[in-house]
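What follows draws every value from the coordinates through simple rules; no lab data is involved. Since we're looking at a predicted model, the values are computed, not measured. No Cβ is skipped: glycine too gets one built from the backbone with ideal geometry, and neighbour counts run over all protein chains shown.
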Amino acid sequence: MDSFISWIGGKKILRKKIVEQFPEKETFTRYIEVFGGAGWVLFSSDRHAKMEVYNDVNGNLVNLFRCIKYHPNAVQDELQYILISREQFYDAREQIEIRGMTDIQKAARFFILIKESFGADIRSFGLRSRDMQKAKEYLFQVSERLNKVVIENLDFQKLIKNYDKTDAMFYLDPPYYKTEKYYPDRFMPEDHERLKEVLEGLKGKFILSYNDCTYIRNLYSKYNIIEVERVHNLVQKKEKPRFQELIIKNF
Ligand SMILES: C[S@@+](CC[C@H](N)C(=O)[O-])C[C@H]1O[C@@H](n2cnc3c(N)ncnc32)[C@H](O)[C@@H]1O
């Protein structure tokens, strides 16, 4: 199934190519998506492993996932009262920060911000008409898919430490090198090195997505590096430019 949202750096286009690189299903019992975002890879299969974990450091995003998992009806009800206009979009941006809002009220507003912003940047109102009724109904399917998924809200280092085992399979899609500033939560340049150090001591298997650049190639030079191409979606030209991405594996 598809994810229910777009997200900056989301793997909608590449998800098939990424899953093709997974090890045989029998070789791992836990699947951990460390930089969850919209969870395109997670949602691309009915079940990746007996135990599945979705994680992201973004508290609003994790609250949205949790509310849809446990209270899809309540999120849908809350969405009924939020009509979409430019004014309401900017109201929702302010309201989400107000103390005293319930998790469900926040989740509905964050959902609107993602759906209605330009390129899902949460900041600017994007002028596009969407079938919100359909999007609302889809939340039930999402809730069912998340039924057995553990949802965490941790920094990657803590998460990896908690879940690492020899039969674990981690999929990691960090903010890309030099694109850190596009994310609401700061991922600092030195965090790329911190991530590499954490992965160095991993007991389980990992698959890591990155943009193709010399810095990342050098950082992960001792691993298995696979090059993949994807078409850039946001460019409205006849001839869409192609971009190289990397899939890095420790097996
Ligand atoms: C490229 S996006 C992931 C996209 C996702 N694979 C998808 O398909 O939508 C990177 C995500 O990492 C999260 N993130 C940033 N710093 C983090 C950290 N220190 N620990 C965990 N997650 C982090 C961001 O909030 C963002 O959602």
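Things to note:
- Approximate shape of the range 71-146 as ellipsoid semi-axes (Cα gyration tensor, √5λ), whole Å, largest first: 19, 16, 10
- Sequence-distant contacts, meaning Cα pairs under 8 Å at least 6 residues apart, place the relative contact order of the chain at 21 percent.
- The range 71-146, relative contact order [Cα under 8 Å, separation at least 6], %: 31
- Neighbour-count order for K16, K69, fewest beta carbons within 10 angstrom listed first: K16, K69
- Equivalent ellipsoid of the chain: semi-axes from √(5λ) of the C-alpha gyration tensor, largest first, are 30, 21, 17 Å.
- When L64, L219 are arranged by Cβ crowding within 10 Å, least crowded first, meaning fewest neighbours, the order is L219, L64.
- Note on T179 and N250: their simple-model spin labels are 2.4 nm apart, each label 7 Å out from Cα toward Cβ.
- Since only A107, G126, L139 are under comparison, the one whose Cα sits farthest along the positive direction of the charge dipole of the range 93-154, derived from C-beta charges on Lys, Arg, Asp and Glu, is G126.
- q = 0.21, 0.29 Å⁻¹: log10 I(q)/I(0) that the Debye formula gives for the range 8-51, counting C-alpha atoms only: -0.70, -1.22
- Exceeding the 27 Å Cα-Cα cut-off - candidates K136/K158; K50/K178; K11/K106; K136/K161; K136/K249; K69/K203: K136/K158; K50/K178; K136/K161; K136/K249; K69/K203
- Stretchable slack from E94 to Q141, in nm (0.36 nm times residue separation minus alpha-carbon distance): 14.0 nm
- This model, with +1 at the C-beta of Lys and Arg and -1 at the C-beta of Asp and Glu, gives the chain a dipole about its Cα centre of some 440 debye.
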